[in-house]
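Taking it in order: structure first as C-alpha cells, then the write-up.
The numbers here are math on the coordinates, done by the rules we state, and not lab data. Note that the structure is a prediction, hence the values are computed from the model and not measured. Cβ: placed from backbone, ideal geometry, glycine included. Neighbour counts: every protein chain shown.
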C-alpha cells in the first residue's frame, strides 16, 4: 500500500534528519510511540512530515528524562489522558520537575561528601598540596557557590572540628584565619 506524500522519508533518512540512531526510531515504533504511515512496495517503512514532527516531539520529551510510558500519555489524545486523573501531561511534567529537584539535592549532598573525603587525612594524597586558591577553584568547578562553600565549612566543623582546623592549616591559612572560620562555623552549626 503506497500513499504518496510530498515529503517521504525512509527509516534511515528520518533517523538522520532527527539526529537519532535507527535503533531508537525502531524502539519507539516497537513501544507504540511512532508508526510509519505506509510501506514501500519493497517493504521499507515510509514516514512523512507528521511522523517527523511526532519524532521530534518524542526526542524533545526524552531530553529532560521523561520515561517512554509518560511520553505515551503526553502524546495520547487529550480526552484520553484527561481521564487518567492525576497522570495527565501536567501531572507528569510536575512530577518530573520535582524528581529532578530531588536528584539535584542528592547530587549536591554527594558533592559535599566528596569534598569532605578530599579533605580527610586518610584519603588525600599527602604529596598533593592544596592551597586555598586551588581548593576554592576546585569547589567552584564542582558547582559550589559561596553559600554551598559556607555550608561545607559548617558541616565539617560540626562533624570534626580538629580535622577541619588541620585541613584549613594545610591549605596555608594562618592561625587567625583558621580561628575565624571555625568561630563562624561553630556559631552557625549551633544555630541549625
Filtering the stretch 53-67 down to residues that are buried (at least 18 other Cβ atoms within 10 Å of the Cβ) and assigned to a helix (DSSP H, G or I) yields 55, 58, 61
Reported set for the stretch 167-180 where residues are over 33 Å from the mean Cα position of the chain (by Cα), in a helix (DSSP H, G or I) and surrounded by 14 or more Cβ atoms within 10 Å (Cβ to Cβ) is 170, 177, 178
